[in-house]
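Quick note: the coordinates plus some simple rules give every number you see, no bench work behind them. The shown structure was predicted, so the numbers you read here are calculated from the model rather than taken from an experiment. Ideal geometry is used to build each Cβ from the backbone, glycine not excepted, and the neighbour counts take in all protein chains shown.
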Amino acid sequence: MARERHVRLPLLDKVSTTPGRKSLVFAAVLPLLTLLDVFTLPSLRLDAFLARASWAVELVALALLFEHASEKQRRLLILGHCALGSFFYLALVYTTGGLESPYVHLVPTLPLLTAFTYPEESGSAVACGIGCALVIMAQVPMGTASFAQAAGWLSILGSATFFGVFGSNQFRKAAAAQNESRLERARRETLEKLARAELKRTQSERLATVGRLAASVMHEINNPLAFVRANIHFVETEVLAQPLSAELRQELEEVFAETRAGMERIQQIVTDLKGFSHSMDAEEARVCSLGEVVQDAARLASIRLKSVGTLKVEVPAELPQVFITPRRLAQVLLNLLVNASDALEEARVPQGEVRVRGEVLGKRVVLLVEDNGPGFPPQVLPRLFESFFTTKGPEKGTGLGLSISRELVERFGGSLIAENRPEGGARLRIELPIHEPGHEPRKSGA
Ligand code: ADP
């Protein structure tokens, strides 16, 4: 059973546009912008410089306080900063000519610009709007703007504030939805990973149990086999010592020869299986000829292949040697041969044929396992090496064979690829580096 685990997932920051370094950079540049006034104003103004310098001080204070503030304090700092920022900007406008100032045109857009800068905080546009409104309203008693002018500015500011708040809300909703889907995706991926790991563990446990079971069954077969063999030998000697007609003697000799061959076959199968179930983990990688490995796998596979077709092995004895764990490679080959038998059986190919060919390609030895079955359908081909991908029923396929086989071959610096033969049928291609004395790869008992 997959245990449910608590998974820590990243959350979207409440206030992700932190003032920090950006504020400090802006604070450094701001007083220097006074130089621009050379081009836009008749003369440089000290009060305009002071308005900018005060704004810069406010920005530095914001950056410093923000570092150590709690989440709630940060919100308040941002709101205060938006209100103060609009105040300083309007002070700049005031000191550079009021309605005649070259900077006045940006005033109606201030709430929108603020909302754009701090989109997560919808109050920022409101704070800026209020700050601007207060300064504009103060112009009426000060006599620098008429009531009608102030009312006109206020209505523009009101609309800009409204759209700023609306934009911020839209942004927050989109960010929340994005965050939610990110969390959901991460949760799904984690659960999928857990499920896969769990399935893999169950499969390995099952395989280990089957291995142990096979080992004990083999032991059980070996003992009676030994005395059956001894008894048959005894019966053979006794019977053939009797006076018999030539015809009967020949017949009996054939019967005993067949029985001996049958028993040797049983013995061979038991020995092969024993090798597979036992020394798999203990065996070290070594330099060996592929011919022996192919023969081992072919002998075992022939039990399965017999009912579906013929097996042809064309692996020249003079193929260069490779550095591998022979049992592991035999396991890979056996797996490919059993897959080929399954494909031939399922497609009911009348004259099924599986071929194992060996050849040299540059500095690599190539082993081809080919069959004249249906081959790989286009939708199956890209997924063949995925763990747990199988087109067989649950009682027949685990979907682990090819993925494990590829992993094993790659451990020895080789590769395993699958393709369809142009003439029809499947082809699995194992490539292994030719062994060069003194260049043994990392030793592995795997
Ligand atoms: P399993 O044999 O447990 O299904 P594998 O990883 O060995 O797992 O194989 C995955 C799939 O690849 C099989 O289910 C089958 O669809 C396909 N396959 C493998 N070998 C052949 C082949 N020789 N011909 C056609 N299809 C094959």
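A few comments on the model shown:
- Note on the chain: GNM, Cα springs under 10 Å; of S86, S245, S159, the largest mean-square fluctuation is that of S245.
- Segment I156-V235, length gained on full extension (0.36 nm per residue, minus Cα span): 16.9 nm
- Rounded to whole Hz, the Karplus (6.51, -1.76, 1.60) HN-Hα couplings of segment 162-176, x for glycine and proline: 4, 5, x, 5, 4, x, 4, 4, 4, 4, 5, 5, 5, 5, 5
- Note on the chain: with a GNM built from Cα contacts shorter than 10 Å, the maximum mean-square fluctuation among F412, F389, F26 falls on F26.
- Extension gain, L106 to S70: 0.36 nm times the residue separation minus the Cα-Cα distance gives 9.7 nm.
- 0 to 90° range, to nearest 10: angle between helix 71-95 axis and the chain longest Cα axis: 40
- Rounded tilt (10° steps) of 46-68 against the dominant C-alpha axis of the chain: 40
- Note on Q268/F26: beta-carbon distance plugged into 1/(1 + (r/R0)^6) with R0 of 60 Å gives a FRET efficiency of 0.10.
- Sites L194 and Q351 - FRET efficiency at Förster radius 56 Å, r taken between beta-carbons, to 0.05: 0.75
- Average Cα contact separation per residue, the chain, under 8 Å, 6 or more apart, as relative contact order %: 10
- Among L416, L319, sorting on how many other beta-carbon atoms sit within 10 Å of each Cβ, with the fewest leading, yields L319, L416.
- In order along segment 414-431, phi translates into HN-Hα couplings of x, 9, 10, 10, 10, 8, 9, 6, x, 7, x, x, 9, 9, 10, 10, 9, 10 Hz, rounded to whole numbers, per the Karplus curve 6.51 cos²θ - 1.76 cosθ + 1.60 with θ = phi - 60° and x for Gly and Pro.
- Modelled spin-label separation between R286 and L361, with each label point placed 7 Å from Cα along the Cα-to-Cβ direction: 2.9 nm.
- Per-residue ellipticity at 222 nm computed for the chain from its helices equals -21000 deg cm²/dmol, with DSSP H segments shorter than 4 residues left out and the rest contributing -39,500 (n - 2.57).
- Between E386 and V217, full extension at 0.36 nm per residue minus the direct alpha carbon distance yields a gain of 57.6 nm.
- The alpha-carbon atoms of the chain, seen along their principal axes, cover 145, 47, 42 angstrom, with the largest extent given first.
- As a length-normalised measure over Cα pairs under 8 Å and 6 or more apart, the relative contact order of segment 55-182 settles at 26 percent.
- Helix axis angle, 290-305 relative to the chain longest principal axis, alpha carbon, degrees: 80
- If you run the Gaussian network model on the chain, springs between alpha carbon atoms under 10 Å, then out of P320, P374, P31 the most flexible one is P31.
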